[in-house]
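Notes follow the structure.
The values are calculated or read from the model by the stated rules, or taken from the named source; none is laboratory data. Keep in mind that this is a model prediction, so the values were computed, not measured. Neighbour counts run over all protein chains shown; Cβ positions are idealised from the backbone, glycine included. Heavy atoms of the whole protein, side chains included, go into the accessibility calculation; ligands, DNA and RNA do not. Shrake-Rupley method; radii C 1.70, N 1.55, O 1.52, S 1.80 Å.
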2 protein chains.
Amino acid sequence: MATQLGDKIRELRTKQNLLLRQVASKLDVDTSIISKMERGERPIKKEQVATLAEILNADKQELLTLWLADQVMDVIKDEQFADEALKSVTKKIKKGK
Amino acid sequence: MATQLGDKIRELRTKQNLLLRQVASKLDVDTSIISKMERGERPIKKEQVATLAEILNADKQELLTLWLADQVMDVIKDEQFADEALKSVTKKIKKGK
DNA sequence: TATTGTCTTGACAAATTTTGTCAAATATAC
DNA sequence: GTATATTTGACAAAATTTGTCAAGACAATA
């Protein structure tokens, strides 16, 4: 249930002594949503990742990569042939597309 | 837009001289749905893949892997950091999960 | 060209899922 | 204890997905 990006955001936020409420207002969502995002209970929108990077002074590219990894993980978790499918996709994107 | 699984299904179906209508009735969906599935215009449900394998005398595992690869591809297509995210996920599932 | 059979397309409403909002419950600090 | 911060769950609104259907396009054949 936990996500890489959620964990990272919580880590960044607490290290900077920011309250959920403070991040929430800047992101323009309810406090409960941020709480759930950090704990992987609610998905984080891609556009929100960029905003979060600004709020938390983090590297946008790094957060976006974590976000994408979470998306992929969500699809392959509990899947028997995950490794083979991942290999196939990796190969495919390496050539051009 | 095209999918690996859709292409495979069409290939299997036509090689066996089966009509959309025939596959549709066995799968219990409208003809138009199969048409769209084959061309990647409609997603294929995981449960349907198993049924399709039976109908088309194909290897269930192979089709399921194609299905999963399509799911992953759907998430990472157009993504700038796809390669890095895939690498990260691959590493993560290799150690136990 | 008309006819027949196959496949494709688009529109539509029903069903499902996702989303935000809110209040109450819980936890943490003082 | 009080006060502040976070979590939880319920709920309706909004958005997306789903199946159904009829009409259109296409191909072969007479």
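Could you identify the single residue in A:D28, A:D59 that is among the charged types (D, E, K, R), away from chain B (no Cβ under 14 Å) and either more than 14 Å from DNA strand C (Cβ to nearest atom) or surrounded by fewer than 18 Cβ atoms within 10 Å (Cβ to Cβ) (or both)?
Details: A:D59 fails: away from chain B (no Cβ under 14 Å).
Selected residue: A:D28, the only one of A:D28, A:D59 that is among the charged types (D, E, K, R), away from chain B (no Cβ under 14 Å) and either more than 14 Å from DNA strand C (Cβ to nearest atom) or surrounded by fewer than 18 Cβ atoms within 10 Å (Cβ to Cβ) (or both).
Go through region A:34-56 and give me each residue that's within 13 Å of DNA strand D (Cβ to nearest atom), open to solvent by less than 40 Å² (accessible area, probe 1.4 Å) and part of a helix (DSSP H, G or I). Spell out the reasoning first.
In the first step, residues of region A:34-56 are kept if they are within 13 Å of DNA strand D (Cβ to nearest atom); the result is A:34-43, A:45-47.
Imposing the further condition that a residue be open to solvent by less than 40 Å² (accessible area, probe 1.4 Å) reduces the set to A:34-35, A:37-38, A:40.
A:I34, A:S35, A:M37, A:E38, listed by residue number.
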Original post:
Conditions: (1) in contact with a Ser or Thr (Cβ under 6 Å, 6 or more places away or on another chain); (2) without any contact (Cβ under 8 Å) to a residue 12 or more places away in the chain; (3) under 30 Å from B:L66 (Cα atoms). A:R42 meets all but one. Number of the miss?
Top reply: (1)
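For region B:76-87, which positions are of a type outside the set (D, E), open to solvent by 40 Å² or more (accessible area, probe 1.4 Å) and either facing chain A (nearest Cβ under 7 Å) or assigned to a helix (DSSP H, G or I) (or both)? So that I can check it myself, show each step before the final result.
Start the filter on region B:76-87 by keeping residues that are of a type outside the set (D, E), which leaves B:76-77, B:80-82, B:85-87.
Imposing the further condition that a residue be open to solvent by 40 Å² or more (accessible area, probe 1.4 Å) reduces the set to B:77, B:80, B:87.
The one that is of a type outside the set (D, E), open to solvent by 40 Å² or more (accessible area, probe 1.4 Å) and either facing chain A (nearest Cβ under 7 Å) or assigned to a helix (DSSP H, G or I) (or both): B:K87.
Provide a single number: the residues in region A:45-71 that are hydrophobic (A, V, I, L, M, F, W, C) and more than 11 Å from B:F81 (Cβ to Cβ). I'd like the intermediate steps shown before the answer.
Quick first cut of region A:45-71, residues hydrophobic (A, V, I, L, M, F, W, C) only: A:49-50, A:52-53, A:55-56, A:58, A:63-64, A:66-69.
Filter once more, keeping what is more than 11 Å from B:F81 (Cβ to Cβ): A:49-50, A:52-53, A:55-56, A:58.
Going through region A:45-71 one residue at a time, the tally reaches 7.
Can you tell me which residue among B:A69, B:A82 is among the small types (G, A, S) and over 12 Å from the mean Cα position of the chain (by Cα)?
Numbers: B:A69 fails: over 12 Å from the mean Cα position of the chain (by Cα).
Selected residue: B:A82, the only one of B:A69, B:A82 that is among the small types (G, A, S) and over 12 Å from the mean Cα position of the chain (by Cα).
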**OP:** Enumerate the pairs (first residue in region B:45-58 and within 10 Å of B:I9 (Cα to Cα); second residue anywhere and among the aromatic types (F, W, Y)) with beta-carbon separation below 9 Å, excluding pairs fewer than 6 apart on the same chain, so at least 6 apart or on different chains.
**Re:** B:V49/B:W67
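Can you say whether A:V72 is surrounded by 20 or more Cβ atoms within 10 Å (Cβ to Cβ), within 16 Å of DNA strand D (Cβ to nearest atom) and in a helix (DSSP H, G or I), as far as the supplied structure shows?
Details: surrounded by 20 or more Cβ atoms within 10 Å (Cβ to Cβ): yes; within 16 Å of DNA strand D (Cβ to nearest atom): no; in a helix (DSSP H, G or I): yes.
Taking the combined requirement at face value, the residue does not satisfy it.
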Subject >> Where B:E11 falls short, out of the listed (1) part of a helix (DSSP H, G or I); (2) within 12 Å of the chain's Cα centre (by Cα) >> reply: (2)
